[in-house]
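The values are calculated or read from the model by the stated rules, or taken from the named source; none is laboratory data. Treat the numbers as computed from the prediction; the structure is a model and nothing was measured. Cβ placement follows ideal geometry from the backbone for every residue including glycine, while neighbour counts extend to all protein chains displayed. Keep in mind that these areas ignore ligands, DNA and RNA; they rest on the heavy atoms of the full protein, side chains included. Shrake-Rupley method; radii C 1.70, N 1.55, O 1.52, S 1.80 Å.
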Amino acid sequence: MLRCVRCRASLPAWREWRPRRERVACAACGAEARVDDVAIDFVPDRPPPAAWRDRAMQSAWLAKLYDRAWRPASFGLSTGFGAPSADDEGRRATRLLEGRDGPWLDLSCGTGKLTRRFVEARGARGAGVFGLDVSRAMLARARAAAPGAVLVRADAADLPFDDGVFGAVATMAALDLYADPARVLGEVGRVLAPGGRWVGSAFVTGAGPPLVDWLARAGLRQMGQLPFRRYLIAWADKEGPPGQDGAR
């Protein structure tokens, strides 16, 4: 289900990568990915970001403080303390994805709290849970939080996955951080299987993001919303038949 981020060629199954702890080169173009104890890293040689906000989001200090201090304070101040807590949001997201067949992807997984919840929700079904983030510091925390997940370091706007491989994709508290959220949602639509579901959340300021248009361009329909003052949880389904275990 993995593909090269440079030439889009299919890559070996991730189960063959994880124990090897080395660089793996694409047979078609030679682009390298690094495999280590933290993640499958598709951008191992990427330089640090130039923008201060992006550097902060990828820093070790923020990864350490994110769950205990950064998210509660920043989300509370930004929404008039109307946003749900991370635990409440995680429960809601998991319920919205129940019954979705195939692997689940926690996109922009951060410290892995939601990834861990997904692993617990999937249980012994063995469908697989993937967590993806561009920050190695965040992924290191996610590795400890969700040891049963497959972690991947890559750009959310250029996902290293084949088309139609996930039954569920979540982008919780992440849409506001993307330079091009429409492109990210386009990638979400590409990697979702027919009948699969996306769930995400975002801050709402002024008129809010043109979410309906972005989702429509990504081939996602039947959107529902849960507003929380200046915060929004939304979900949408990819057109097509549901998965075999009763996606609704």
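Does Arg217 fit the bill of being of a type in the set (D, E, K, R), touching a helix residue (DSSP H, G or I) at 6+ places or on another chain (Cβ under 7 Å) and touching a residue at least 40 places away in the same chain (Cβ under 8 Å)?
The answer is no for Arg217.
Which residue, of Ala121, Ala69, is of a type outside the set (D, E, K, R), open to solvent by 40 Å² or more (accessible area, probe 1.4 Å), in a helix (DSSP H, G or I) and free of Cβ contacts under 8 Å to residues at least 24 places away in the same chain?
Going through Ala121, Ala69 in turn, the sole match is Ala69.
Select from region 27-56 the residues that are under 27 Å from Gly148 (Cβ atoms) and open to solvent by less than 50 Å² (accessible area, probe 1.4 Å) and list them in ascending order.
Answer for region 27-56, where residues must be under 27 Å from Gly148 (Cβ atoms) and open to solvent by less than 50 Å² (accessible area, probe 1.4 Å): Ala33, Val35, Asp36, Val38, Ala39, Ile40, Asp41, Phe42, Val43, Pro44.
Taking the condition in a helix (DSSP H, G or I), open to solvent by less than 40 Å² (accessible area, probe 1.4 Å) and not basic (Lys, Arg), does Val199 pass?
Answer is no for this residue.
If you scan region 145-182, which residues turn out to be assigned to a helix (DSSP H, G or I) and farther than 22 Å from Arg8 by Cα?
Of everything in region 145-182, those that are assigned to a helix (DSSP H, G or I) and farther than 22 Å from Arg8 by Cα turn out to be Ala145, Leu175, Asp176, Leu177.
Take the residues of region 165-181 that are farther than 16 Å from Val134 by Cα and either free of Cβ contacts under 8 Å to residues at least 24 places away in the same chain or aliphatic (A, V, I, L, M) (or both): which is surrounded by the fewest Cβ atoms within 10 Å (Cβ to Cβ)?
Within region 165-181, the match that is surrounded by the fewest Cβ atoms within 10 Å (Cβ to Cβ) is Val165.
Hey, does region 214-233 have a residue that's outside any strand (DSSP E or B), modelled with pLDDT of 90 or more and in contact with a Ser or Thr (Cβ under 9 Å, 6 or more places away or on another chain)? Step through it out loud before you land on a result.
Initially, region 214-233 is screened for residues outside any strand (DSSP E or B), giving 214-219, 229-230.
Narrowing the set further to residues that are modelled with pLDDT of 90 or more leaves 214-219.
Subsequent filtering for residues that are in contact with a Ser or Thr (Cβ under 9 Å, 6 or more places away or on another chain) retains none.
Within region 214-233, none of the residues are outside any strand (DSSP E or B), modelled with pLDDT of 90 or more and in contact with a Ser or Thr (Cβ under 9 Å, 6 or more places away or on another chain).
Would you say Leu65 is more than 16 Å from the chain's Cα centre (by Cα), at pLDDT below 90, farther than 15 Å from Arg141 by Cβ and of a type in the set (A, V, I, L, M, F, W, C)?
Against the criterion (more than 16 Å from the chain's Cα centre (by Cα), at pLDDT below 90, farther than 15 Å from Arg141 by Cβ and of a type in the set (A, V, I, L, M, F, W, C)), Leu65 does not qualify.
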